[in-house]
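Where a number appears in this text, it was derived from the coordinates with a stated rule and is not lab data. Since we're looking at a predicted model, the values are computed, not measured. When we count neighbours, we look across all protein chains shown, and the Cβ atoms used for this are built from the backbone with ideal geometry, even at glycine.
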């Protein structure tokens, strides 16, 4: 009696995916022993394609069974899926061989993936400084390798030191490279803001179309507002602040005051908070200006918004709070619309009945 496909799948659950059920059935009908069946399967091209990492150097098996192998692959796949790195349209059995060859277990892979994700999200400043001070272009892969391999990390540091020592670094190079990176970084930020509906496509296009020479002039003005030239961390923050503010107001690029930049830095206004606040301002600036004008007779510009919303202190916060209170009181009496503030975000409520 010929074995059924269910019998074969029960004995060799991976045979269906290999397309070897007919071959196995023929071997069974021929009276082949289990050992011969297994040997025939393992010598097939289909098997080698599905289990490319089954054997190591010298032909020694890494796994006691195909089931164990497939479980390991599934564990790798789960880690990559959870990290958003898995794509079933491009997956290949060869994708996992490197992990096996380097004895990377799924738990270790999870730790490495977590580290790589942290590097991706938090290493831009470091990559910028390698470029600005040494003209070296680093990738996330370079930094990851530097972390997991002390030898590679030391070689990278040695290259940086050698490059800096052998190439005189002048002010013009500093400003030009800082401007190049500043424009690229803000372009990325604005794309994220557009995806969240915080700024318009027109505002982004205006920023991306800034004359590089003019952008360098602004960068130079920012760098020299104080008694000495700003270091890159502070300079990068100030430049991103200027560009984000420009996109929010949809006006020309202007250099912010050194005092306001320092106050924002001291208050811990990071990139995320700045994006949220400027996105809010882009959508509510006319409403805010109109509300303050109606109830106080005063103007309310971008710097006042930054002081009130991002710093939460000063006369600007008092001015905005007073206008909000009057607006809400007027709305209750007349059934008009109200605007409220939640954290750094402003919202227009529906008509009160």
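A few comments on the model shown:
- Size descriptor, Kirkwood hydrodynamic radius, that averages inverse alpha-carbon separations across the range 159-203, Å: 12.9 Å
- The distance between label points at residue 171 and residue 152 comes to 4.0 nm (points 7 Å beyond Cα on the Cα→Cβ vector).
- Anisotropy class of the range 28-102 from Cα gyration tensor, a/c 1.5 cut: prolate
- Sorted by Cβ neighbour density within 10 Å, fewest at the top, the residues 115, 109: 115, 109
- Cα gyration tensor, the range 118-205 - rounded (a/c under 1.5), prolate or oblate: oblate
- Extension gain for residue 68-residue 85 works out to 3.8 nm (0.36 nm per residue, less the C-alpha to C-alpha distance).
- Spacing of the modelled spin labels on residue 48 and residue 105, each 7 Å from Cα toward Cβ, amounts to 3.2 nm.
- Maximal additional length on extending the residue 139-residue 40 stretch stands at 31.1 nm, based on 0.36 nm per residue less the C-alpha distance.
- Gain in span if fully extended, residue 217 to residue 322, counting 0.36 nm per residue against the direct Cα distance: 33.9 nm
- With a Förster radius of 45 Å applied to the beta-carbon distance between residue 233 and residue 78, the computed FRET efficiency rounds to 0.75.
- Contact order relative to length of the range 17-116, as percent, for alpha carbon pairs under 8 angstrom and 6 or more apart: 24 percent
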